[in-house]
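The values are calculated or read from the model by the stated rules, or taken from the named source; none is laboratory data. Just so you know, these numbers come straight off a predicted model, no measurement behind them. All Cβ positions, even for glycine, are placed from backbone atoms using ideal geometry, and neighbour counts span all protein chains on display. Surface areas here come from the heavy atoms of the whole protein model, side chains and all, with no ligands, DNA or RNA. Shrake-Rupley method; radii C 1.70, N 1.55, O 1.52, S 1.80 Å.
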Protein chains: 6
Amino acid sequence: MTVFDLSNYLGEKIPSSLSEPWDNDGDMVIPDRNAEVTGVLCALDCTSGAIARAKALGCNVILAHHPLIFKPLSRLTDTDSVGKRVLDCVKSGIAVLSYHTRLDCLAGGVNDCLAQTLGLENVTAFLPYGRMGDVSEQSFETFLSHVGKALGTEELQCVKANPTVRKVALVSGSGKDEITHALRAGADTFVTGEASHSAMLDCKELGLNLICATHYATERVVLPFLQELVCSAGLRGELYPFHREAEYGI
Amino acid sequence: MTVFDLSNYLGEKIPSSLSEPWDNDGDMVIPDRNAEVTGVLCALDCTSGAIARAKALGCNVILAHHPLIFKPLSRLTDTDSVGKRVLDCVKSGIAVLSYHTRLDCLAGGVNDCLAQTLGLENVTAFLPYGRMGDVSEQSFETFLSHVGKALGTEELQCVKANPTVRKVALVSGSGKDEITHALRAGADTFVTGEASHSAMLDCKELGLNLICATHYATERVVLPFLQELVCSAGLRGELYPFHREAEYGI
Amino acid sequence: MTVFDLSNYLGEKIPSSLSEPWDNDGDMVIPDRNAEVTGVLCALDCTSGAIARAKALGCNVILAHHPLIFKPLSRLTDTDSVGKRVLDCVKSGIAVLSYHTRLDCLAGGVNDCLAQTLGLENVTAFLPYGRMGDVSEQSFETFLSHVGKALGTEELQCVKANPTVRKVALVSGSGKDEITHALRAGADTFVTGEASHSAMLDCKELGLNLICATHYATERVVLPFLQELVCSAGLRGELYPFHREAEYGI
Amino acid sequence: MTVFDLSNYLGEKIPSSLSEPWDNDGDMVIPDRNAEVTGVLCALDCTSGAIARAKALGCNVILAHHPLIFKPLSRLTDTDSVGKRVLDCVKSGIAVLSYHTRLDCLAGGVNDCLAQTLGLENVTAFLPYGRMGDVSEQSFETFLSHVGKALGTEELQCVKANPTVRKVALVSGSGKDEITHALRAGADTFVTGEASHSAMLDCKELGLNLICATHYATERVVLPFLQELVCSAGLRGELYPFHREAEYGI
Amino acid sequence: MTVFDLSNYLGEKIPSSLSEPWDNDGDMVIPDRNAEVTGVLCALDCTSGAIARAKALGCNVILAHHPLIFKPLSRLTDTDSVGKRVLDCVKSGIAVLSYHTRLDCLAGGVNDCLAQTLGLENVTAFLPYGRMGDVSEQSFETFLSHVGKALGTEELQCVKANPTVRKVALVSGSGKDEITHALRAGADTFVTGEASHSAMLDCKELGLNLICATHYATERVVLPFLQELVCSAGLRGELYPFHREAEYGI
Amino acid sequence: MTVFDLSNYLGEKIPSSLSEPWDNDGDMVIPDRNAEVTGVLCALDCTSGAIARAKALGCNVILAHHPLIFKPLSRLTDTDSVGKRVLDCVKSGIAVLSYHTRLDCLAGGVNDCLAQTLGLENVTAFLPYGRMGDVSEQSFETFLSHVGKALGTEELQCVKANPTVRKVALVSGSGKDEITHALRAGADTFVTGEASHSAMLDCKELGLNLICATHYATERVVLPFLQELVCSAGLRGELYPFHREAEYGI
């Protein structure tokens, strides 16, 4: 199976009709569309660390959730963050594919993986990407602790506006613009990756609990799903789980 | 001194020529411009908590760093976060004034207070609001711990890209768009309040240490400065320090 | 019935799907959505005069045809025309609701009331809000005099381009942009509230009689309709008829 | 002197640097730039009436204050108001020139003529086109009657917000957007040609007397000035004074 | 039949629903819509030469493929290329009609005429205006020579990227933006009127033969079709074939 | 000297302050900024042919007049014209630099080289990039033949609107938007690379001779200038003259 075949295969499984209109996704870098795929590394981001791992494992495709090229490139140089990684991939013959917002929306995609990891029941969609579900009635503190353990992170920021949790809305990644939608859908608690200071104050004013569990921890739950997708195409799929230590250096 | 006089006094001390062009600052709510000022509460945000405190202290002016009205209001109702606070202020006869980005840029304002709190030396401006300065050479871990103590917060997110810290750039609040400017100015380390996931990865790729010390902790350092300004006008100035427990409920 | 209930009731009777896309209508000011409605004053505009009357009559809702807030508010102060009236309403606990262009379009709304007041027959719509109908053949002067009497105004500006009137188009308020539409629909005469100098010259050139009978006189005919609507909800409805003397001071 | 020479002569006397940026002025129609000027008709608008008068008087130039072409023409046909007049001019060999907003602003131009006609003293400019001046203290009714007589019109709409007149601001034509500027400049009374209903209510709320004396009556005062300008170039200048009867047909 | 009747007749045969959204077509100049049509000159452009011919032949309508007015006119003077021709037409009582992009798209219109002239088989549309068809397998040089003869021009620019021609795409006039569409549709060779330098390089890089046979030669093939349309309305139709010598002076 | 040094050197000699605001120029592709420059190929375009030549000659920099990346890249794949060339350069370690419009404007740059090649005298600038000069009075045909020989091309398109040539304006590349400027500057003849059909008709109507001598032939005259610039930096400069046969395949 060539890189071109894999791109077509994934484009069918994760159709571009699901993408947000402002997004730039799909093929990011294709040094040689006729190259045989030697292995696929599934990662959250196409970082220098991920590229090094792909080389070490002999993978010539990186399937990265976030688009490596988001703002179109006016030039390609080794002095900026994106350019040096694109150059590194081209020189090493590594293709990069990203499905971003269409993967957020996909049935079984990022937000469904997140809902499942948190153990929500009666899950419904309150936005193309947002999910909503029930938990057994519990205190905010109990639920907060559960979220940290389920997502494997201690980096939690939160707003407590209700003592009890029953109805949970979630948006993986950055959910600062979905607070009003979550409220209207009937949620008492909103889980997302990151939110601005003023979004946090709005939650408090409007009576919505908020748990920010980091951008990466709310999204890396999709990596096994991507790996399975790769394997279903008869290819070797490798995991590059997002480790804060590796990526943030600490 | 009336509310109108105070607005004019502060407008001279913190001139609107310093404001970013996209900002909305100055008078936010003026229920009665001829009312005598009974006291001024200096706060980061005009939250429900700040309004309650103003009432308790008999202050009829809140001097809030962040604009209460940022996106212009198409209607004024008690069902949205801003509307209910504006209504509360009007009913209680409380005026609200905000100086936001012009206070960020002002000599002696938010970013200068932040530089001073962190103990930077040879401080210069690398943007109208950004500040730059030296620290004695130290390990990243030592500096990180120093920032937490100086700002009184344990909520620290960071990227370690250099082992040593010498030249520190800072932007209070949200500094995700200033990374390239900080690098070009020669910084090895960048302190700000909050940054997005992709900005954190860029820091790592480009070799810039990043310390996110929360939006509020990098800005509340300006409150004593505001209080002093109020007192210099012969008025009673009260402090409403931003407590995470009070504002975020936890 | 609370203010919130009334807002929902009127929103069903005058649906927002009829609004022009550029309009800002519906809830204008809601100091307390759970307050019991004590009475509703039906007015063309939420002027200081209307607010004073509402207070005198014990009404805590003003149903004003024109939106009190049209251009969104960047600040709320007592130094501008809209701000001082919004502040007055909030301090007095008076809610303001406006239905503007959707009421212009509504079957039975402003333009239908105007057609009926002028005695048009075989009335049809030539635009969502414009209406068209027949009168018995008469001289322009006879029809002009009829319009003045029917609408109770002596303030008439006009263009005479045809000696005879048979087919009348009308647009309440400001109809300067609808001249071509009226012509294409077959009208010989166009009645509206106000028109610019160049629109008047266009009518003369194109052969369309024009009668400008003031903005207020072509719209106040809807007030009894609003009053009825209020009464049908089981509430007390009061009229604040637009008197040029009261509102313009002369 | 050719039409081309006259266009250059007027362009020097009324320089385009004074034009508002949104305006379209200067040459409107030039059927033959080398034709000798046989006479110049000075008019407010290039109406069918003005064109007929030019023909009758043997003038092959119309100097019209308002631009005949304002919205650029996508086609030139005899079915729309502007097209038929352009066609009429071309067929009759009549050139049309307009100086609109630059003539409003010019020293000695429209607004200065208006100030002089109204007898204002100590005249200053509060906007490039707006003028401001003093009158001896008098009642609003006395001043209103004076305006009607000075401008020769009975078509007056007004708002009375102060009993006394001392400081008068004026903007010829349509002045609905200059109310706040007039207030800030210290006026108690504002004279203009036409204003919308909501502008009239704003005047009442803000305490500014308003007199709308029709678009044409506040501008036709400039016609003798234009005639003099034409004569100063050694050409025959004729007047086409704006008569409501002729232009509006009544 | 009047000019107005002819405009309506052609508007039915070549409906405006086919026009590209950015186009300005239909009536260009109508000096008198009630004039009886004395003859119709069918031309590619309403040039001075075409106007002179229309006068000589006693035709008072020019049916020009390209819009005489494309960029709307802010003024009408004899100093610019379009203005002087519009003035000439008005003074001579000549109406101008243009159908441009809707005629490009029409079944039987410009592109179908071009496909037929080139002898393509199995013609299909690959864009509303683009056409696609087969030729018997031949060398690029043979096909190039065929195009020159069929279109009667020696002015040929080309890119040879394949030795053999089988599948030909064509877009009359300027086809520089349709290269990618032609490739995706399966063409090996693309015929158009004119293309930019960088479009020519793209063809070479992407492996698509390109033949630019001048703007006029790829479009004048539609003139007999227009003549027939005119005759079908019972009118005299005359041809003004585009001669490079006459129009370009050489 | 490294690639980075060369980029800085050329940026000083051809300063970016001369660039048109819409242009994208300077660094295009920099695979390794610290690589020593092994040779510089000076070309009009970074085509596949130019890249192959650079490899053959052992040059790792291509100095191409036209920007390889003009429209920013949303993805980098080997299926589009630009992407495959960028990939080829990166894989081969070849940097690409372009100075485009700033080189057009530069004293001694493209347009000055063109004026010199054509033997113009008393050369002045009529636009930042356009040049103007005198020739001895001669017939249009004589001058046309001279242009073809001087530029070494037989591909000439032209408009003859004056029999005699004295004052020549020129704009290298695509000059279709500068016709009016050339006329106003007093030219009787305009030389450029390519022009649209409607620009050619405008020249005829307005009385300006036009000679289109192909995009490439009017620009390749700058290549020796670029070579000299490279040599002045102590580097090996090679020429890749634009041959129509090589680049267009014919």
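A compact table of results
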read-out	value
Spatially close lysines, pair count over chain B: Cα under 21 Å, gap of eight or more or interchain	11
In degrees, nearest ten, helix B:81-92 long axis to first principal axis of chain B (Cα)	40
At 0.890 mPa s and 25 °C, Stokes diffusion of the range A:12-156 via Kirkwood alpha-carbon radius, µm² per second	142
Other-copy label distances relative to F:Leu206, 7 angstrom Cα-Cβ extension, nm	3.2, 3.5, 4.6, 4.6, 5.7
20 Å reach of a label modelled at A:Glu12, 7 Å along Cα-to-Cβ, counting backbone N of the range A:220-237	A:226-237
Gaussian network model of chain B, springs between alpha carbon atoms under 10 Å - residue of B:Val40, B:Val61, B:Val90 with greatest fluctuation	B:Val90
Chain-alone versus full-assembly comparison, the range F:143-185, residues with accessible loss of at least 30 Å² (1.4 Å probe)	F:Glu155, F:Gln157, F:Cys158, F:Lys160
FRET E, pair F:Glu245, E:Glu154, Förster distance 25 Å, beta-carbon r, rounded to 0.05	0.85
Helix F:223-232 axis, angle to chain F major axis (alpha carbon atoms, nearest 10°)	40
Chains E and D together, accessible area buried on both sides, 1.4 angstrom probe, square angstrom	2000
Cα gyration tensor, the range A:181-250 - rounded (a/c under 1.5), prolate or oblate	oblate
Highest-fluctuation residue, C:Gly26, C:Gly130, C:Gly234 considered, GNM on chain C with Cα pairs under 10 Å	C:Gly234
Average beta carbon contacts from partner chains per residue of C:196-209, 10 Å cutoff	6
Choice from C:Leu57, C:Leu118, C:Leu68 showing the highest fluctuation, given a GNM over chain C with Cα pairs closer than 10 Å	C:Leu57
Gyration tensor (alpha-carbon) shape descriptor, the range C:138-238, a/c threshold 1.5	prolate
Dmax and Rg, reported as Rg then Dmax, of the protein assembly as shown (C-alpha, Å)	37.3, 97
Cβ charges +1 (Lys, Arg) and -1 (Asp, Glu), total dipole of the range B:211-250, debye	20
Chain C, relative contact order [Cα under 8 Å, separation at least 6], %	20
Cut-off 14 Å between beta-carbons: net charge of the residues surrounding F:Cys105, Lys and Arg +1, Asp and Glu -1	-4
Surrounding net charge for A:Phe126, when Lys and Arg each add one and Asp and Glu each subtract one, Cβ distance under 9 Å	+1
Distance from the range A:2-63 to the range D:135-212 (C-alpha centre basis), Å	70
Carbon/sulfur fraction of accessible area - the range E:124-250, other protein chains in place, 1.4 Å, %	51
Net charge over other residues, Cβ less than 15 angstrom from the Cβ of E:Ala233 (K, R count +1; D, E count -1)	-3
Two-site FRET efficiency, E:Asp5 against D:Ala52, from Cβ-Cβ distance with R₀ of 35 Å, rounded to 0.05	0.75
Chain C: angle of helix C:48-57 to the longest principal axis, Cα-based, in degrees nearest 10	60
Copies compared at C:Ser16 - label distances in nm, ascending, label defined 7 Å from Cα in the Cβ direction	3.1, 3.4, 3.4, 4.6, 4.7
Listing of the range C:78-113 residues, each with accessible area lower by at least 50 Å² in the full protein assembly than in the chain alone (probe 1.4 Å)	C:Asp78, C:Ser81, C:Val90, C:Lys91
Solvent-accessible area per residue for the protein assembly as shown (1.4 angstrom probe, square angstrom)	37
Unit Cα scatterers, Debye sum, the range A:1-42: log10 I(q)/I(0) for q = 0.24 Å⁻¹	-0.91
Tensor-based shape of the range D:94-141 (alpha-carbon gyration tensor, a/c under 1.5 rounded, otherwise prolate or oblate)	prolate
Axis-nearest residue in chain C [Cβ, rotation onto A], distance in whole Å	C:Pro21, 11
Mean Cα-pair separation over length for the range D:57-110, i.e. relative contact order, pairs under 8 Å, 6 or more apart, %	47
20 °C / 1.002 mPa s Stokes-Einstein diffusion coefficient of the range B:90-189, Kirkwood radius on C-alpha pairs, µm²/s	146
Other-copy label distances relative to B:Thr2, 7 angstrom Cα-Cβ extension, nm	3.8, 6.6, 6.6, 6.8, 8.0
Per-selection Rg to Rh, chain F - Cα, Kirkwood hydrodynamic radius	1.00
Shape parameters for the range C:1-79, alpha-carbon atoms, Rg then Dmax in Å	13.2, 36
